[in-house]
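The values are calculated or read from the model by the stated rules, or taken from the named source; none is laboratory data. As the structure is a prediction and not an experimental result, all values here were calculated from the model. Positions of Cβ are backbone-derived with ideal geometry, glycine not excepted, and every protein chain shown enters the neighbour counts. These area figures cover heavy atoms from the full protein model, side chains too; ligands, DNA and RNA do not enter into them. Shrake-Rupley method; radii C 1.70, N 1.55, O 1.52, S 1.80 Å.
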Amino acid sequence: MSSIGNVFDWAFFWGVFGFLLKTVAPFVMLVVAIVAVGMLLHGVIVAIRSRS
């Protein structure tokens with residue numbers, strides 16, 4: 001069996017991977033932003049409830 005590098009077309013693989021990453025990244029950032037805002041609001045609500 002020869003080198004496994006000859007079996008895969010790495011340029012094509014990285015091209016497809018980069019395209020998918022560029023396509024999915026905005027949606028991942030949107031989910032992360034929603035979770036971060038939710039955690040911030042939860043912290044504010046807990047602080048307000050514990051104060052009074």
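What FRET efficiency comes out for TRP10 versus ILE45 if R0 is 35 angstrom and r is the Cβ-Cβ distance? Round to the nearest 0.05.
So the FRET efficiency works out to roughly 0.10.
May I ask you to give the percent of accessible area on the chain that is carbon plus sulfur, with a probe radius of 1.4 Å?
Exposed carbon and sulfur together represent 80 percent of the surface.
Under a 10 Å cutoff between Cα atoms, tell me which one of ALA25, ALA11, ALA36 has the largest fluctuation in the Gaussian network model of the chain.
Result for the chain, Cα springs under 10 Å: ALA11 fluctuates most.
Could you state how much accessible area VAL37 has, in square angstrom rounded to the nearest 10, with a 1.4 Å probe and all protein chains kept in place?
Solvent-accessible area, nearest 10 Å²: 80 Å².
Report ³J(HN,Hα) in whole Hz for each residue of the stretch 38-44, in order, from the Karplus equation J = 6.51 cos²θ - 1.76 cosθ + 1.60 where θ = phi - 60°; Gly and Pro get x.
Once θ is set to phi - 60°, the couplings for the stretch 38-44 become x, 5, 5, 4, 4, x, 5 Hz.
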